[in-house]
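Asker: The structure is given below, and queries will be raised subsequently.
The values are calculated or read from the model by the stated rules, or taken from the named source; none is laboratory data. As the structure is a prediction and not an experimental result, all values here were calculated from the model. Cβ sites come from the backbone with ideal geometry, for glycine too, and all protein chains shown count toward neighbours.
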């Protein structure tokens, strides 16, 4: 199941949960209604991010995606040297709620894998944009970055998807 489809259905369930609790306290906060989106990254509609620096692009899943997935308990990591294609699956993230494919926002060759995720998959939850990155890729078509969303577009996309 793609992260985007799963995140939409989970967002609906979370909204019901929030709505049912909202009457309990006037101080109830909707602070997690929307997750962190960082400048300097590009975003795919399937909720992966990419940071292109020099010859390498770092890829992970967004804060929005990890928030909807819940506690990550396992990450299926690919091997280095493997080719990925834009929109193609390269691994999976398993949470206490579901398992979701992770798709590459760009095409290229995997040059590094975050092996820390094997022992500490929760890094995706606690630090999705820093310690929880999944792979690093040498892009074969850097122009593909132009087809991805910037922070403002991704924020709007998530808000529309959650409503």
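Asker: Go through segment 135-144 and count every residue that is surrounded by fewer than 23 Cβ atoms within 10 Å (Cβ to Cβ) and either touching a strand residue (DSSP E or B) at 6+ places or on another chain (Cβ under 8 Å) or on the phi > 0 side of the Ramachandran plot (or both).
Answerer: Matching residues across segment 135-144 total 6.
Asker: Residue 108 fails exactly one of the following numbered conditions: (1) on the phi < 0 side of the Ramachandran plot; (2) surrounded by 15 or more Cβ atoms within 10 Å (Cβ to Cβ). What is the number of that condition?
Answerer: (1)
Asker: Give me a count of the residues in segment 99-134 that are touching a strand residue (DSSP E or B) at 6+ places or on another chain (Cβ under 7 Å) and either under 15 Å from residue 43 (Cα atoms) or free of Cβ contacts under 8 Å to residues at least 12 places away in the same chain (or both).
Answerer: 10
Asker: Within segment 80-98, track down each residue that is over 22 Å from residue 36 (Cα atoms) and touching a strand residue (DSSP E or B) at 6+ places or on another chain (Cβ under 7 Å).
Answerer: Once the filter is applied, which keeps residues that are over 22 Å from residue 36 (Cα atoms) and touching a strand residue (DSSP E or B) at 6+ places or on another chain (Cβ under 7 Å), segment 80-98 yields 80, 81, 82, 83, 84, 87, 88, 89, 90, 91.
Asker: So, residue 57, is that one surrounded by 20 or more Cβ atoms within 10 Å (Cβ to Cβ) and out of contact with any strand residue (DSSP E or B) (no Cβ under 6 Å at 6 or more places or on another chain) or not?
Answerer: Here the answer is no, as residue 57 does not meet what is asked.
Asker: Can you list the helices (runs of 4 or more DSSP H) lying wholly within segment 31-146 that have 1 or more residues being modelled with pLDDT under 95?
Answerer: Output list reads 63-69.
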